[in-house]
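Right, one structure below, let's go through it.
Quick note: the coordinates plus some simple rules give every number you see, no bench work behind them. Predicted model only: the values in this text are computed from it and were never measured. A quick note on method: Cβ atoms are made from the backbone with ideal geometry, for glycine too, and the neighbour counts reach across all protein chains shown.
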């Protein structure tokens, strides 16, 4: 019976921690803080955000190392070229044949 109580407590604590999303809140705080123009490398707030970003990057490398490394290597690549612009064909009914071509 104590094992069942311990398992239920662990599941409840895990659920509560998942709902709090502490990591996401810490990253959002760091992202909002570093976007301010008054926060530079000479301020304490900039240095307080850097461990948060380091933990996020480390977490990405732990959970998806190949994809993270690939995206990190190609982060400055130019975007792919755009496709061709679709052009409306005014003679589509005639080219199709059938009843639409007879009415046109």
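Tabulated data for the structure shown
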| item | result |
| --- | --- |
| Residue within segment 32-41 that is under 17 Å from the mean Cα position of the chain (by Cα) and in a helix (DSSP H, G or I) present | yes |
| Positions within segment 1-18 being more than 19 Å from the chain's Cα centre (by Cα), exposed (fewer than 10 other Cβ atoms within 10 Å of the Cβ) and within 30 Å of residue 53 (Cβ to Cβ), in sequence order | 16 |
| Pairs, first at negative phi in segment 76-93, second surrounded by 10 or more Cβ atoms within 10 Å (Cβ to Cβ), C-beta under 7 Å, six or more apart | 93/100; 93/101; 93/104 |
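This table checks each residue for (1) surrounded by 11 or more Cβ atoms within 10 Å (Cβ to Cβ); (2) in contact with a helix residue (DSSP H, G or I) (Cβ under 6 Å, 6 or more places away or on another chain).
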| site | (1), (2) |
| --- | --- |
| 41 | no, no |
| 55 | yes, no |
| 61 | yes, yes |
| 71 | yes, no |
